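Take a look at the structure below.
Readers should treat all values here as calculations from the given coordinates under stated rules, not as data from a laboratory. Quantities reported herein were computed from a predicted structural model and do not represent experimental measurements. Cβ atoms come from the backbone with ideal geometry, glycine included; neighbour counts cover every protein chain shown.
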Amino acid sequence: MRTKSRPARWLLATASVAVVAATVALAPLAAADPATHAATQDIADRYRASNQAPGVGVTVRNGATMWTVASGSRDVGSVSPIDADTKAHIGSLTKTFTAAIVLQLVAEGKVQLDTSVETYLPGVVDGNGYDGSKISVRQLLNHTSGIADYMTAQGGFNPLNQLGPHSLAEVASWGLAQPPLFAPGKGCQYSDTNFIIAGMIIEKITGNTYAQEVSSRITTPLGLTNTYLPTPGDRSMPAGSERGYVAQWFLGAYFWADISEIAEPSVGGSGGGLVSTGADQTKFLQALLAGQVVPQAQLAEMLTVGSIVDAASGDYLGLGIVKFQLPCGETAWGHYGLWPGYTSLVAATASGRSTFITLNVTSTAGLSGGSGSGNGGNGAVIDRREVMNTALCDRG
């Protein structure tokens with residue numbers, strides 16, 4: 001799903017669930033090693049408090065070692081912290097997996113980055129101002145295609161209200177029904193539709209489902225045993241998973257509605273459908289940057305950012321990956337994630353440090369994006385970018 005802040009109306013429209021009330025006083029803090037990683041513990045506590053969330057988890061790998069910091073709980077009413085093995089919807093972190101598979105196909109000579117979408121999917125991107133013969137695979141992966149984002153459809157259309165399951169082609173059609181954002185290559189604006197179409201290319205070239213390709217090419221070889229694409233139509237989360245909520249302030253208290261199992265997973269698909277953990281996400285990104293997922297030539301392409309920043313975020317985008325400059329001087333690479341009730345971010349440096357951050361609430365008054373956002377008058381909001389900066393620069 002979309003990486004950055006967006007109004008939460010689409011969440012409320014789906015939240016026909018029991019609502020859990022809680023006072024503004026937050027649950028007791030839980031910490032993995034506050035003495036050693038005090039800076040990360042402090043930012044995690046403030047991140048949770050400023051977003052009025054039940055819980056936050058931060059998993060950090062430094063080479064072969066891993067540590068976690070947590071604040072609050074993975075579900076309302078418990079004292080169980082979010083840890084490295086807690087499963088959660090990761091939203092658009094899925095896009096980095098999708099880009100990696102496409103780049104594997106490039107390395108195999110089955111796809112070319114600068115060949116048109118029309119070549120691989122004849123007639124799919126056609127009409128309504130679109131011409132697939134003028135949009136390249138590269139432009140899908142770095143969001144310079146101009147294809148509209150199905151997640152921001154106008155006119156009250158809410159894809160999260162759609163009964164499933166859905167095919168990738170059907171989901172792509174929701175975006176293609178909207179006019180182009182700009183001519184191909186003439187701008188850069190994040191669009192979930194790009195990665196749904198990339199998933200369609202993967203399925204067309206391989207003859208397998210996207211889920212099969214994720215498993216055979218990435219999760220199985222790397223031993224990512226807790227990363228998977230839910231079966232279309234199955235909205236359930238495993239026992240012990242992080243629960244996702246939408247929160248609203250009312251009569252001096254926050255009310256949390258559990259929306260963990262509201263959204264149809266096939267709405268996310270190759271653009272945002274994966275479930276994963278901090279342990280798996282940090283391992284994947286370390287392996288990716290080490291050249292263990294795609295060959296070095298294709299990794300260089302992946303990490304080549306465009307000259308135009310994303311219009312929505314102000315970030316420089318590579319192929320399914322975002323470039324971050326850390327305050328301690330290093331460059332990090334990763335992605336933002338958003339799914340109803342879940343906010344996340346994963347990033348890693350070339351020196352072998354990686355972090356995964358997850359928050360289990362979405363405020364109705366604004367989401368915590370890369371540039372920060374309000375949350376119902378709670379003061380300055382700590383955002384996930386700040387947590388990432390601290391965690392990756394925390395030498396303990």
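From the Cα trace of the range 9-393, what convex hull volume per residue do you get, rounded to a whole Å³? Could you put the intermediate results ahead of the total?
Values: hull volume 48.7 nm³, N = 385.
In the range 9-393, the Cα convex hull volume per residue is 126 Å³.
Counting other C-beta atoms within 10 Å, which of L176, L319 has the fewest, and how do the rest follow?
Details: L176 23, L319 29.
By the 10 Å Cβ count, ascending, the order reads L176, L319.
Would you list, by chain and number, the lysines whose Cα falls below 26 Å from the Cα of K87, excluding same-chain residues fewer than 8 positions away?
Filter leaves K4, K95, K283, K323.
So for the chain, averaging the separation of alpha carbon pairs under 8 Å that are six or more residues apart and normalising by length, what relative contact order in percent results?
Relative contact order here is 27 percent.
Nearest 0.05, what FRET efficiency do T65 and Q325 give at R0 = 22 Å with Cβ-Cβ as r? All intermediate terms of the calculation are to be shown ahead of the outcome.
Values: r = 25 Å, r/R0 = 1.12.
E(calc), rounded to 0.05, equals 0.35.
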